[in-house]
Amino acid sequence: MTDARPTSSCGRIDPEALDPSTNLPAVLVDVNAELTALFNRLLVFNDDDLILEAAAHIEACTQPALCHELSAVTIDHIIQTLQDNLQSQPLQTVGYSALADIASAGDAQQQAVVACGGLEVVLEGLAVHERSAVTQYKAFDVLATLVANNAAARAKLATAPVVRTILRSMQLHAQNVDVQFGAACTLAGSAMNSPLNVKVLLECDAVKVLVGCFRNACLQKQRVAQKVGSEDAQSDWRRVMQWAELALRNVARCSSVVRPRDIESVDFGKYGSCVPVDELKWKLVFDCKQAHAAHAAHAQASKP
């Protein structure tokens, strides 16, 4: 069977000539022209099969070695294409994958994605395509990358509608390890040293949802452990537990917003039914009390 990967729309990259060890073109191309032409072609034809076929080619153009060649104009063109075709789930999925690769390439690329409205279009797509687990995961890949390293991106997540969209995705796709992982990473980054984000998370009952995420991941890890050859699945659910815990601890350590009673009032389930959840509760209570003690000590030391 012949390779179904698409040929170049403007002739600069021949997918058949990609180096199999790197998936990069043998000769550095004008990647800005290539990506612009690819997304123009998808914009004109907007055919689901064509979009999926183009995914490998777009991925080749957004490898780290080439992302540094991208201009803000090209990034803006990709984002505008996504904005103009918000209802196309395949296009959104492929586009988010490209944006995640671009955002992972460095600070300059992240700033360009944020400045060109990439965060907003991904958040819109997250709400529109809430039933598609793969689109949700790709969207969270972009969001988690941006909020972990970009203060402007974190600030844009500090609204109740955005947080509720993320929490709804977690609840709709509770059994999907990729969505749970991406959402937990996004919330962990959002809560990092950001009192305003933590305040919104509390108002939206994010602590309750994250505890549920942690508990579910723990139970899923125990369930798959009974199957032969389940090491990868166990590792995936363990990562969900780790990031859900980090998100919760980032919230608990925000002494200017969170009080110990905010943690203690959350339903962690019946004590003894899940030991890791019991341990998590006391970690969070301890973190919160320790943060308040440190804050009080600092305030006392600052008095004249």
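Listing for the model above:
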| quantity | calculated |
| --- | --- |
| Condition check for residue 233: without any contact (Cβ under 8 Å) to a residue 12 or more places away in the chain, farther than 30 Å from residue 78 by Cβ, open to solvent by 30 Å² or more (accessible area, probe 1.4 Å) and in contact with a helix residue (DSSP H, G or I) (Cβ under 7 Å, 6 or more places away or on another chain) | no |
| Residue 145 being in contact (Cβ under 8 Å) with a residue 24 or more places away in the chain and under 21 Å from residue 64 (Cβ atoms) | yes |
| Subset tally (residues that are among the aliphatic types (A, V, I, L, M) and free of Cβ contacts under 8 Å to residues at least 24 places away in the same chain) for segment 211-230 | 3 |
| Among the residues listed as 119, 86, 82, 99, the single one being touching a Phe, Trp or Tyr at 6+ places or on another chain (Cβ under 9 Å) and farther than 12 Å from residue 31 by Cβ | 82 |
| Within segment 117-157, considering residues that are buried (at least 17 other Cβ atoms within 10 Å of the Cβ) and basic (Lys, Arg), the one farthest from residue 183 (Cα to Cα) | 156 |
| Residue match in segment 195-210 (condition: free of Cβ contacts under 8 Å to residues at least 24 places away in the same chain and either in contact with an Asp or Glu (Cβ under 7 Å, 6 or more places away or on another chain) or on the phi < 0 side of the Ramachandran plot (or both)) | no |
| Residue identified as within 19 Å of residue 258 (Cβ to Cβ) and open to solvent by 10 Å² or more (accessible area, probe 1.4 Å) among 160, 184 | 160 |
| Matching residues in segment 268-284 - criterion: being out of contact with any helix residue (DSSP H, G or I) (no Cβ under 7 Å at 6 or more places or on another chain), assigned to a loop (DSSP other than H, G, I, E, B) and open to solvent by 90 Å² or more (accessible area, probe 1.4 Å) | 270 |
| Single residue of 81, 135 found to be farther than 22 Å from residue 199 by Cα and out of contact with any His (no Cβ under 6 Å at 6 or more places or on another chain) | 81 |
| Boolean, residue 171 is open to solvent by 60 Å² or more (accessible area, probe 1.4 Å), farther than 21 Å from residue 121 by Cβ and at pLDDT 95 or above | yes |
| From 240, 209, 198, 224, residue being of a type outside the set (Gly, Ala, Ser) and modelled with pLDDT under 95 | 224 |
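The values are calculated or read from the model by the stated rules, or taken from the named source; none is laboratory data. The structure presented is a predicted model; accordingly, all values stated were derived computationally and were not measured. Reconstructed Cβ throughout: ideal geometry from the backbone, glycine too, with neighbour counts over all protein chains shown. Surface areas here come from the heavy atoms of the whole protein model, side chains and all, with no ligands, DNA or RNA. Shrake-Rupley method; radii C 1.70, N 1.55, O 1.52, S 1.80 Å.
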